[in-house]
Amino acid sequence: MIERRRFLTLAAGLAATAPLGLARAEDGTARRVFRVLRDGSDIGTHVLSASRIDKHFEMAIDIDIRVKLLGITAYRYTLKNREVWDDGILTSIDSEVDDDGDTEFAKVRRAGDMLEVDGSGYSGTAPLDAVPTSYYARPFIERRPWLSTQSGKLLTIDVAAAPDEARTFNVKGELETTLIYDAAGEWVGCRFDAGGEPGAYEIIESNGAITPLWQSA
């Protein structure tokens with residue numbers, strides 16, 4: 001979900017149409033909080049809050065990043081994204097971004113067999129297979145196109161498994177990051193360029209599994 005503007009490169013994920021053998025989840029909720037690091041320093045949080053009732057899945061994503069120099073905030077990035085899936089199909093996205101004073105947005109609605117996109121970077125249609133750049137489940141890797149939750153733009157990317165790291169994927173193209181999943185398909189971290197410094201996510205809170213909630217919706 002964060003897309004590089006001044007010095008943070010990290011954007012926002014994707015979902016396969018079929019389950020990968022995970023057990024069907026009951027209705028419920030899950031929450032995961034990442035600490036965002038730049039060169040080892042804590043610069044913010046990325047919070048995922050998921051819920052499912054029957055075939056209805058909702059995801060709330062909140063990012064708050066503040067980079068400080070000499071105690072003064074030199075850069076601020078916030079994202080508030082709300083996604084709805086019904087019966088395994090993306091129904092809506094409502095996302096707002098403040099990128100250090102510059103505002104961007106993405107509003108998506110299902111319209112029959114297409115998605116209608118109204119965003120700061122693109123307005124038009126997208127196929128139902130499009131998925132938001134939210135990363136929260138391993139099946140996202142296989143789906144195309146990726147739809148930016150920052151601007152609504154349909155992104156051109158390539159994804160390849162990292163040669164020496166299990167369940168790690170390098171994303172290149174209009175979005176560049178490295179995504180890390182665990183054996184159950186849960187998103188557990190990432191690495192990215194943060195303005196010439198190494199950026200990373202690490203989990204500081206995890207309550208429940210997100211992937212089976214999403215796959216069962």
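Here are some notes:
- Peptide ranges 176-188, 128-140 listed from the most packed, as the mean C-beta count within 10 angstrom indicates: 128-140, 176-188
- Summarising the label geometry, the points placed 7 Å from Cα in the beta-carbon direction at residue 87 and residue 202 lie 4.5 nm from one another.
- Pairs of lysines in the chain (C-alpha under 28 Å apart; 8 or more residues apart or interchain): 10
- Average projected area [Cα convex hull, the range 45-117], square nanometres: 5.5 nm²
- Normalised by the number of residues in the range 133-217, the average gap of Cα pairs under 8 Å and 6 or more apart makes the relative contact order 22 percent.
- The listed peptides 197-208, 144-155, 53-64, ordered by packing as a protection proxy, come out as 144-155, 53-64, 197-208 (highest mean of other Cβ atoms within 10 Å first).
- Scaling against 2.2 N^0.38 Å puts the C-alpha radius of gyration of the chain at 0.96.
- At q = 0.13 Å⁻¹ the log10 of I(q)/I(0) for the range 133-217 amounts to -0.44, computed by Debye summation with a single uniform scatterer per C-alpha, solvent ignored.
- Interchain or long-range residues, amide H under 5 Å from residue 75's placed H: 67
- Table column - 3J(HN,Hα) (Hz), the range 188-203, Karplus curve with 6.51, -1.76, 1.60, x for Gly and Pro: 10, x, 7, 10, 7, 7, 10, x, x, 10, x, x, 7, 10, 9, 6
- Peptides 84-91, 103-110 ordered by packing proxy, namely the average of other Cβ atoms within 10 Å per residue, highest first: 103-110, 84-91.
Values in this text are rule-based calculations from the coordinates and carry no lab data. Everything numeric here is computed off the predicted structure, so don't read it as measured data. Cβ coordinates were reconstructed from backbone atoms using ideal geometry, including for glycine residues, and neighbour counts include every protein chain displayed.
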